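In what follows, a structure is listed as structure tokens, so that the remarks can point back to it.
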Amino acid sequence: MSRAFFLVCVSVCGGLLRADEPAADPTQATAAADRYETRRIHDPNGIGKFYMGREIAHVMGFAGAAWLERSTREEEERLTLLIRALRLKPGDVVADIGAGSGVISMLMAEPILPGGKVLAVDVQQEMLDRLKAYCQQLGVENVEPIRGTQKRSGLKPASVDMAIMVDVYHEFEYPYEMLADISKALKPGGRLVFVEYRKEDPAVPIKEVHKMTQAQVRLEAEQPEFGLSWLETVHVLPMQHVIIFRKQAAAESGPAGGSGQQ
Ligand SMILES: C[S@@+](CC[C@H](N)C(=O)[O-])C[C@H]1O[C@@H](n2cnc3c(N)ncnc32)[C@H](O)[C@@H]1O
């Protein structure tokens, strides 16, 4: 089955997720409402909600788990090259945000041993249950499943050396809130990695709302309040960007702190 067809099939599962917690105060609620725009006419593969000019995609439902685990994925996406490019080291605490059934979590679990841990975050309990079952079958003991919400990762502040989102960010229903939350969870100097299908390349056979340009990722991630600066973009994958940001230390994120230059 082609991914394009698959994405249409699973998009119907997008409405099954947990309700979000209310904003803390009424002024926050107003600001949050202004952040997003709803359009009646939109891409059928998107939810009709726009953020910084980009339409948000439907969440891949649990029915997509088998597709994430397909045997051709390494050949198509070269995940081993991705893991090598991350330069993980023993003892690292890494967060796999939108972990799904745990394909990426499992690949990261070994290079961070001894002492390292993968925090596997997802909003769908069925995905986390499947991930847990695989860990048990394979004897992987350093992957911890965490149930997040549409606005919160469930990670503790300043607890993570690296957070990665593989084919996930474009489907966050609340991208601003998620980035604010994830950037808080990074340790100073920690890295945030976006892996997104390249929208600049019409030959990448993925529905438009499931692709992102590098410029759009940078526009959304480099808002000053997140304290993230662009570090590098690694060009090793056949179809996806690997865009890496670094969490600034508190002293860097004031008026004098700047973003990285390409
Ligand atoms: C396309 S799958 C990718 C799974 C995994 N990263 C992989 O590459 O195998 C996207 C996953 O992101 C999850 N997701 C969507 N919004 C999320 C959010 N706000 N917080 C955590 N997970 C989210 C979905 O439930 C789904 O499991």
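The values are calculated or read from the model by the stated rules, or taken from the named source; none is laboratory data. Note that the coordinates shown come from a computational prediction; the quantities given were computed from them, not determined experimentally. Every residue, glycine among them, receives a Cβ derived from its backbone with ideal geometry; neighbour counts consider all protein chains shown.
Restricting the first member to region 141-169 and to residues that are more than 19 Å from Arg130 (Cα to Cα), and the second to residues that are near the ligand (Cβ under 9 Å from one of its atoms) and modelled with pLDDT under 95, the beta-carbon pairs closer than 8 Å and six or more apart or on different chains are Gln150/Leu17.
Residues that are surrounded by fewer than 22 Cβ atoms within 10 Å (Cβ to Cβ), within 13 Å of the ligand (Cβ to nearest atom) and among the acidic types (Asp, Glu) occur at least once in region 178-196.
Counting the residues of region 85-111 that are under 12 Å from Asp161 (Cα atoms) and among the β-branched types (Val, Ile, Thr) gives 2. Within region 144-153, restricting attention to residues that are closer than 17 Å to Gly102 by Cα and within 14 Å of the ligand (Cβ to nearest atom), the residue that is nearest to the chain's Cα centre (by Cα) is Ser153. Considering Ala29, Ala33, the condition of being modelled with pLDDT under 95, part of a helix (DSSP H, G or I) and either of a type in the set (Lys, Arg) or touching a Pro at 6+ places or on another chain (Cβ under 9 Å) (or both) is satisfied by Ala29 alone. Residues in region 81-102 that are touching a residue at least 40 places away in the same chain (Cβ under 8 Å) and among the hydrophobic types (A, V, I, L, M, F, W, C): Leu81, Leu82, Ala85, Leu86, Leu88, Val93, Val94, Ala95, Ile97, Ala99.
Considering region 60-80, and only residues there that are free of Cβ contacts under 8 Å to residues at least 12 places away in the same chain and part of a helix (DSSP H, G or I), the residue that is farthest from the ligand (Cβ to nearest atom) turns out to be Glu75. Checking the conditions here, which among Gly100, Gly91 is within 14 Å of the chain's Cα centre (by Cα), in a loop (DSSP other than H, G, I, E, B) and modelled with pLDDT of 95 or more? One residue alone meets the criteria, Gly100.
Is there a residue in region 164-177 that is among the aliphatic types (A, V, I, L, M), over 20 Å from Ala221 (Cβ atoms) and within 11 Å of the ligand (Cβ to nearest atom)? Scanning region 164-177 turns up no residue that is among the aliphatic types (A, V, I, L, M), over 20 Å from Ala221 (Cβ atoms) and within 11 Å of the ligand (Cβ to nearest atom).
For region 185-231, give me each residue that is in a strand (DSSP E or B) and either closer than 14 Å to Val242 by Cβ or out of contact with any strand residue (DSSP E or B) (no Cβ under 8 Å at 6 or more places or on another chain) (or both).
Arg191, Leu192, Val193, Phe194, Val195, Glu196, Tyr197, Arg198, Met212, Trp230, Leu231
Take Ser105 and decide whether it is assigned to a loop (DSSP other than H, G, I, E, B), in contact with a Leu (Cβ under 9 Å, 6 or more places away or on another chain) and polar (S, T, N, Q). So Ser105 fails the test. Restricted to region 81-136, and to residues there that are closer than 27 Å to Ala63 by Cα and of a type in the set (Asp, Glu), the residue that is nearest to the ligand (Cβ to nearest atom) is Asp122.
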